[in-house]
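Comments concern the structure below.
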Amino acid sequence: MRFSRLLSPTSKQTPNDATLASHIYLIRAGYIQSVGDSGLYNYLPLGKKILDKVSAVVKEELDKVGCQEVSLSFVTPQSLWDESGRSQEYGKELLRFKDRKDNDYLLSPTNEEAMVNLVRNTVKSYKQLPLNLYQINLKFRDEIRPRFGLMRGREFLMKDAYSFHASTQDMQREFSVMEETYKKIFTRLGLDFRVVQADSGQIGGEGSKEFMLLADSGEDDIIVCDACDYGANVEVATDASEGDICACGASLRMTKGIEAGHIFQLGSKYSEALKATFLNDQGKAQAYQMGTYGIGVSRLLAGIIEQNHDDKGCIWTKASAPFDLHIIVSNIKDEAQLALGERVYEMLKARGIDVLLDERKDRFGAKIKDYELMGVPYGLIIGKNLSNGMVEFVTRQGMDKTEVDATELDSFLAEVL
Ligand SMILES: Nc1ncnc2c1ncn2[C@@H]1O[C@H](COP(=O)(O)OP(=O)(O)O)[C@@H](O)[C@H]1O
Ligand SMILES: [Mg+2]
Ligand SMILES: [Zn+2]
């Protein structure tokens, strides 16, 4: 991509209501744009690109373990939620509306009912089980206090998966598979996270675990052990406190987490309520055992930045970065600088490397500020020193610079990228 063609309106202005680094930088770097201060956001081209990259990691890992992607109607008839009783329970977060024929609908905040409905209309026999269906799409929750940018929006991108089983044992097996799959997803995205015991809350069911991104700005209090993998949300470990002794003998530590994922053993709560049954191996109708698994995909963008930023801007992890390399031609009036920038840009593109070429007329100072704000992991500065045959390779983390001989640039880049 050529910067001169890119719709990426960077800004020096901190948005009025923004306090978190991720909220400030995602807007200032031109990734997202607030729609009327109401927890609603537009994604500009690079924000959309990052969202797609993160979604692709989620999709790849789920597909590997046999999950199948679907896409449910975003609008759900309220009658389905009447069957589960949640149209009464869910309260004001649920956005409801009527169509022209006076029928009641809602904008899905989560899809247990809709997915159970799909399965009860489709699956007949235990031979078709187990089944794990997921989607990555918008959810709507009329949050009482939407805040912190993508962290708590009213409309947000969520991956929600639902599994269906003939036995509790098989559902618990899948729960473990999903726990491992989530660990792979968060690890690939370069995140520092802990899995903690959690409250099942409003969705109901038996066991539940949350995936917490460790960050001072997190809204959840969690207690963790650094010697073993024990961790719990203080919502369930209500009497836990700093320095308590873990079952492994080490001492526990209180910290803050951002809830990025949540997995539940649901049991038959929804399948029974919606009378969703299959014929078991005895030929008898039986309600499904279910699990449900969520990842806040748009919240992950905020989480990545909460964990990876400095006082100048974003520092994307490799798997989430909008580009692999950001080339800055310091002065485009210098023919040698521009020619080298163009050549390296075309060469890397041909090799399938995703590269941004800043060939704008602007001064170097403005371009390097944009580089720092936007946070591509690696940069290449082609500047004055090219007259001595040298260019500069930059690592966004720490802004460490390495002088590279221009004649050795191609092999240098082939090695680091
Ligand atoms: N308002 C929101 N904005 C952005 N992401 C959200 C929001 N609410 C939930 N999420 C994400 O969706 C995931 C699954 O949702 P769920 O566990 O039902 O949410 P909650 O625990 O807030 O009720 C959460 O782990 C979180 O990452
Ligand atoms: Mg949750
Ligand atoms: Zn321990």
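We did not get these values from a lab; they are worked out from the coordinates using the rules stated. All values reported here derive from a predicted model rather than from experimental measurement. Please note: Cβ atoms are built from the backbone with ideal geometry, for glycine as well, and neighbour counts cover all protein chains shown.
Take every DSSP beta bridge whose two residues both sit in the range 325-416; close to 55 percent of them are antiparallel. Segment E235..L7, full-extension length gain: 77.8 nm, with 0.36 nm per residue of separation and the alpha-carbon distance subtracted.
Sorting S271, S34 by the number of Cβ atoms found within 10 Å of their own Cβ, with the fewest placed first, yields S34, S271. The relative contact order of the chain comes to 16 percent, based on Cα pairs under 8 Å that sit 6 or more residues apart.
Under the rule a/c < 1.5 gives rounded, and otherwise a/b versus b/c splits prolate from oblate, where does the range 3-310 land using the Cα gyration tensor? Oblate, since a/c reaches 1.5 and b/c is not below a/b. If you plug the beta carbon distance of T19 and K64 into 1/(1 + (r/R0)^6) with R0 = 45 Å, you get a FRET efficiency near 0.75. Under 16 Å between alpha carbons, and skipping anything fewer than 8 positions from K284 in its own chain: which aspartates and glutamates qualify? Answer for K284, where 16 Å is the Cα cut-off: E272, listed by chain and number. By its C-alpha gyration tensor, with a ≥ b ≥ c as the square roots of the eigenvalues, how is the range 325-416 shaped: rounded for a/c under 1.5, else prolate for a/b larger than b/c, else oblate? Since a/c stays below 1.5, the shape of the range 325-416 is classed as rounded.
Taking other Cβ atoms within 10 Å as a rough exposure proxy, K98, K184 sort from fewest to most as K98, K184. Just to confirm a number: summing +1 for Lys and Arg and -1 for Asp and Glu over residues other than M212 whose beta-carbon lies under 11 angstrom from that of M212, what do you get? Net of charged neighbours comes to -3.
By the rule of a C-alpha distance below 28 Å, with chain neighbours fewer than 8 residues away ignored, the lysines paired with K209 are K53, K59, K64, K92, K139, K159, K183, K184, K256, K269, K275, K318. Dipole size of the chain about its Cα centre, with +1 on Lys/Arg Cβ and -1 on Asp/Glu Cβ: approximately 1300 debye, rounded to the nearest 20. Among K384, K53, K269, the ranking by other beta carbons within 10 Å of each residue's beta carbon, starting with the fewest, stands as K384, K53, K269. Distance from the alpha carbon centroid of the range 296-332 to that of the range 351-367 works out to 15 angstrom. Peptides 132-139, 239-246 ranked from most to least packed, by the mean per-residue count of other Cβ atoms within 10 Å: 132-139, 239-246.
When DSSP beta bridges are restricted to pairs lying wholly in the chain, around 85% turn out antiparallel. Using Cβ-Cβ distances only, list the Cys residues of the chain with no partner cysteine under 4.7 Å, sorted by number. C67, C314, each lacking another Cys Cβ under 4.7 Å.
Length gained on full extension, L95 to M347: 85.7 nm, using 0.36 nm per residue less the C-alpha separation.
A prolate overall shape is assigned to the range 68-147, the ratio a/c of its alpha-carbon gyration tensor axes (a ≥ b ≥ c) being 1.5 or greater and a/b exceeding b/c. Here's the picture: charge each Lys and Arg Cβ at +1 and each Asp and Glu Cβ at -1 in the chain, and of L325, G91, I32 the one pushed furthest to the positive end of that dipole is I32. Here the gap between N331 and N121, fully extended at 0.36 nm per residue and compared with their Cα-Cα distance, gives a gain of 69.2 nm.
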